[in-house]
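What follows is a set of notes on a single structure, which appears directly below.
The values are calculated or read from the model by the stated rules, or taken from the named source; none is laboratory data. None of the values given here were measured: they were computed from a predicted structure. Neighbour counts run over all protein chains shown; Cβ positions are idealised from the backbone, glycine included.
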Amino acid sequence: ITPEVSIQCPWDPVSPFRLRGRSCPAPIDDDSESSANLAKTPWTHPPYCLSLAHVEDKLCVYSSSAFNDNAGISIIAHPSTAATLVQAVSNPVPAWYARQHIAHSPSTTTGPAKNVKYKVGTIPGKGKGVIATRHIDQFQTIMVSFPAMIVDNELFPAEEDEGPVEGPRLFRKALAQLTDRERFLGLARSREHQSVDVVEDVIRTNAFGITTLDGRDAKGLYPEIAVTLNHGCDPNAYGRYTKGDLAMSAVATRDIEPGEEITISYLPLGMPTTIRRKSLANWGFNCTCSLCSAPKEARDASDRRRERLVELYYAMREPDTEYDTLVELTREFVDIVQIERLFPKVGEYYQAFMKLYYDYGDVESAYRYARTALKFAETFADPEGGFCGGLRGDIRLLEDLLERGEYPQA
Ligand SMILES: C[S@@+](CC[C@H](N)C(=O)[O-])C[C@H]1O[C@@H](n2cnc3c(N)ncnc32)[C@H](O)[C@@H]1O
């Protein structure tokens, strides 16, 4: 690693408090030459690196004690990934707004809990949970959390495989360098009976899957969200991750009234009961959410609708599907999405519709679906992420086609 080399940061921050187009600092690791650059970074400890047997580059622990109002962060990543995280970790902006929602944790609250529309209370059958105290509008951000840890998925092979033997050493260092260790250790574990490292267990049980700016899959641990929000199979909130500032927010998928429990889905949305049960086994609890505890007929009806969505998805793609049939199938699909309230998936679904209608030469409908897809994606996905960027490009292309009128009519 050559310290002088500065790579172009793949992120143009949206925040007005940060500069556009700044380059990322050079990657640094534990060799003496590169650690001379430590002062230019937010890292408060020298990188602690291990060369893993089957991995090309080193994996290192990077920590910043000041991050997120001194809660601290530890990151286990390749040096090149850590370099792309420097901007987000240096950003002092999140502190005031990340902390304003932690009303239930006075020891860590530095300011008045303004705008907090919920409280933490007891939920029958689920332990603690989050309850709305005021009306929350659909699409509103309910809470924001910043990560205590980010770990490259290299340390998390498939459940049945053993992780690299060096894993526990990296995990231990990451925990030791965390300012607020209680915030981490207070989280649930689900493999206490097995010989799994505590840090690994906490992360496997509570972390969200995220992608770093350089496209690496990782796990992000967001304690405030993980410790409070219970799982719902028909949730009224959705976890939205924004790469540029590393925030995870809970966004309302529909209007929420005071007294309602706020839930997110721990699983991909839209799964039928049997698959949900199997997947939830990973968390080791019997789901008592509104859908799982609904009468059997209601659950079966929901399952049928969810299974029907998959059938429709394939039927719409059949090459011999007539245009009129496509329109009918789309209507049925949209109706089910409404009934099952799968609003965070509208971006993805409507993007697929855009492609299909375009293939049928119906550019006007393709354009309408693309616009709606973008509106939902900007709410539930990362507005600066690749999915939204791709949609914006598609919309420009479709606008251009519509303006020129140069396309075969449906
Ligand atoms: C991240 S914690 C959420 C807060 C937790 N209720 C508590 O009191 O600490 C996840 C745990 O909450 C419980 N939980 C979450 N969603 C649930 C659900 N839908 N049904 C039953 N228990 C649930 C399970 O014990 C699960 O392991």
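A few remarks follow.
- The one condition from (1) under 24 Å from Ala250 (Cα atoms); (2) among the basic types (Lys, Arg); (3) free of Cβ contacts under 8 Å to residues at least 24 places away in the same chain that Arg341 does not meet is (3).
- Of the helices (runs of 4 or more DSSP H) contained entirely in region 143-248, those carrying at least 1 residues that are acidic (Asp, Glu) and within 30 Å of Ala294 (Cβ to Cβ) fall at 223-228.
Table: residues versus (1) more than 16 Å from the ligand (Cβ to nearest atom); (2) surrounded by 21 or more Cβ atoms within 10 Å (Cβ to Cβ); (3) closer than 22 Å to Pro42 by Cβ; (4) of a type outside the set (Gly, Ala, Ser).
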residue: Arg204; (1), (2), (3), (4): no, no, no, yes
residue: Ala207; (1), (2), (3), (4): no, yes, yes, no
residue: Arg216; (1), (2), (3), (4): yes, no, yes, yes
residue: Pro223; (1), (2), (3), (4): no, yes, yes, yes
residue: Asp234; (1), (2), (3), (4): no, no, no, yes
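- Picking from residues in region 258-271 that are more than 11 Å from the ligand (Cβ to nearest atom) and farther than 16 Å from Pro344 by Cβ, the one that is surrounded by the most Cβ atoms within 10 Å (Cβ to Cβ) is Glu260.
- Restricting attention to region 155-196 and to residues that are in contact with a Gly (Cβ under 8 Å, 6 or more places away or on another chain) and more than 16 Å from the ligand (Cβ to nearest atom), the residue that is nearest to His231 (Cα to Cα) turns out to be Phe156.
- Matching entry among Leu213, Leu221 (being among the aliphatic types (A, V, I, L, M) and out of contact with any Ser or Thr (no Cβ under 6 Å at 6 or more places or on another chain)): Leu221
- Any hit, region 236-257, residues being under 25 Å from Val151 (Cβ atoms), touching a Gly at 6+ places or on another chain (Cβ under 8 Å) and within 14 Å of the ligand (Cβ to nearest atom): yes
- The set of residues in region 151-187 being among the acidic types (Asp, Glu) and closer than 16 Å to Tyr48 by Cα consists of Asp152, Glu166.
- Output for region 272-303, where each listed residue is over 28 Å from Glu192 (Cα atoms), assigned to a loop (DSSP other than H, G, I, E, B) and either touching a residue at least 24 places away in the same chain (Cβ under 8 Å) or within 16 Å of the ligand (Cβ to nearest atom) (or both): Pro272, Ser290, Leu291, Ala294
- Pair list, Cβ < 9 Å and 6+ apart or interchain, from region 218-229 residues that are under 12 Å from Phe208 (Cα atoms) and modelled with pLDDT of 95 or more to residues that are near the ligand (Cβ under 10 Å from one of its atoms) and not polar (S, T, N, Q): Leu221/Leu187
- Filtered residue count, region 352-383, keeping only those that are part of a helix (DSSP H, G or I), over 27 Å from Val144 (Cα atoms) and in contact (Cβ under 8 Å) with a residue 12 or more places away in the chain: 13
- Test: residue in region 102-114 that is within 14 Å of the ligand (Cβ to nearest atom) and modelled with pLDDT of 90 or more: no
- Scanning region 304-347 for residues that are basic (Lys, Arg), part of a helix (DSSP H, G or I) and under 25 Å from the mean Cα position of the chain (by Cα) yields Arg306, Lys345.
- If you go through region 234-244 and keep only what is modelled with pLDDT under 95 and over 12 Å from the mean Cα position of the chain (by Cα), you end up with just Gly244.
- Hits in region 123-142 - residues which are assigned to a loop (DSSP other than H, G, I, E, B) and under 23 Å from Leu280 (Cβ atoms): Pro124, Gly125, Lys126
- Any hit, region 160-180, residues being within 19 Å of the chain's Cα centre (by Cα), buried (at least 18 other Cβ atoms within 10 Å of the Cβ) and modelled with pLDDT of 90 or more: no
- Of the residues making up region 384-408, those that are part of a loop (DSSP other than H, G, I, E, B) and within 21 Å of the chain's Cα centre (by Cα) are Glu384, Gly385.
- Which numbered condition Val199 fails, given (1) closer than 19 Å to Ala174 by Cβ; (2) within 11 Å of the ligand (Cβ to nearest atom): (2)
- The set of residues in region 356-379 being β-branched (Val, Ile, Thr) and within 23 Å of Val251 (Cβ to Cβ) consists of Thr372, Thr379.
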